[in-house]
Amino acid sequence: MEKRVYIETYGCQMNEHDTERILRLLEGSHYFETKDAQEADFILINTCSVREKPEHKVYSALGRFKGLKEKRGAVIGVAGCVAQQEGYRLLDRVPYLDMVIGTHAIPMLPQLLQKIEVSGERVCETSFDSEGNYLKTVLPQEPLGQIRSYVTIMQGCDHFCSFCIVPYVRGREQSRPSREVIEEVKRLVEMGVKEVCLLGQNVNGYGKGLKEEIHFRSSSAGSTR
């Protein structure tokens, strides 16, 4: 039976792309996007820690959706950087929140959602994936109807600047193998995409830890922040 998912996305292009990945993943579980939260079976807030008062914004949004939990029994989740940062504290503060899913746990989302639906158990997954499996994406199967799309080539940062939270919510630098990046770009072109934007918190660091000799170089400070 088809169900509906409503996603609110805050922050950078990386979050926008994560939302695209989530929607592709959920299609395999027969969840399809709706722009109307009132008809959603699953409501997800994809959060950002960088913008002004990020936690306040998340709690405000959750308050707006409380009635839908009571009325429709909708599953409510928080993803992204605030989820990674706050973890179980979000579940403690919001008793009607069902799911907290960190930046490395996106591939686990269908299984976590099924667990909630079957057992009613609230879940929190914010562990970092040192193997980099979280970087893998589901390729689109249908025309996207858009000219521009994003492709993640790496995530995280190793610099730990005093003003920046990225290493704590996105982890250390990890690069995707170039063959995966090229395969995804080719698939997007087949789906009608004309412009591809390569994403990473520090794209100039692409290639670290890979055995291959392909690297990314830019004359600018390549960052999504």
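The values are calculated or read from the model by the stated rules, or taken from the named source; none is laboratory data. Note that this is a predicted model, so its numbers are computed, not measured. Backbone-built Cβ (ideal geometry, glycine too); neighbour counts: all protein chains shown. Heavy atoms of the whole protein, side chains included, go into the accessibility calculation; ligands, DNA and RNA do not. Shrake-Rupley method; radii C 1.70, N 1.55, O 1.52, S 1.80 Å.
Once every Cα of the stretch 110-181 carries one equal point scatterer and solvent is ignored, give the base-10 log of I(q)/I(0) from the Debye formula at q = 0.27 Å⁻¹, two decimals. For the stretch 110-181, the Cα-only Debye profile gives -1.16. Taking the alpha-carbon centroid of each part, what is the distance from the stretch 1-56 to the stretch 153-187 in angstrom? Measuring centre to centre over Cα atoms gives 21 Å. Computing FRET efficiency as 1/(1 + (r/R0)^6) for residue 71 and residue 194, where r is the C-beta to C-beta distance and R0 is 35 Å, gives about 0.25. The accessible surface of the chain, taken with every protein chain in place and a 1.4 Å probe, is 49 percent carbon and sulfur. Taking the chain as a Gaussian network, where each spring joins two C-alpha atoms under 10 Å apart, which residue of 214, 43, 106 fluctuates the most? Of 214, 43, 106, the most mobile in the Gaussian network model is 214.
Enter the per residue convex hull volume of the stretch 140-179, computed from alpha-carbon coordinates, in Å³ rounded to the nearest integer. Walk me through the numbers before you get to the answer.
Numbers: hull volume 4.8 nm³, N = 40.
Roughly 120 Å³ of hull volume per residue.
Derived from the Cα gyration tensor, the three semi-axes of the equivalent ellipsoid of the stretch 1-99 are 20, 17, 11 Å, largest first. Full extension of the chain between residue 30 and residue 159 yields a length gain of 42.4 nm, computed as 0.36 nm times the residue separation minus the alpha carbon distance.
Leaving out ligands and nucleic acids, note down the accessible area per residue over the chain with a 1.4 angstrom probe, in whole Å².
On the way: 11500 Å² over 225 residues.
Ligands and nucleic acids excluded, the figure is 51 Å² per residue.
Mean sequence separation of contacting Cα pairs (under 8 Å, at least six apart), scaled by the length of the chain, corresponds to a relative contact order of 16 percent. Where both bridge residues fall in the chain, DSSP classifies roughly 5% of the beta bridges as antiparallel. Between 26, 112, 139, the residue with the greatest mean-square fluctuation in the GNM of the chain (Cα pairs under 10 Å linked by springs) is 139.
Between residue 210 and residue 1, the modelled labels are 4.5 nm apart [label points 7 Å from Cα along Cα→Cβ]. In this rough spin-label picture, where each label sits 7 Å from Cα along the Cβ direction, the residue 168-residue 8 distance is 2.4 nm.
Three principal axis extents of the chain based on alpha-carbon atoms, in descending order, are 54, 43, 28 Å. Taking every alpha-carbon pair under 8 Å whose residues sit at least 6 apart, the stretch 61-192 reaches a relative contact order of 21 percent. Past 28 Å, Cα to Cα: identify those pairs from 3/186; 115/208; 53/115; 69/194; 35/69, in the order given. Pairs exceeding the cut-off: 3/186; 115/208; 53/115; 69/194. Considering helices alone, the calculated mean residue ellipticity of the chain at 222 nm is -10000 deg cm²/dmol, with DSSP H runs of length four and up weighted by -39500 (n - 2.57) and normalised per residue. Name every cysteine in the chain that ends up alone, with no second cysteine's Cβ under 4.7 Å, or say none. Flagged as lacking a Cys partner: 12, 48, 81, 124, 157, 197.
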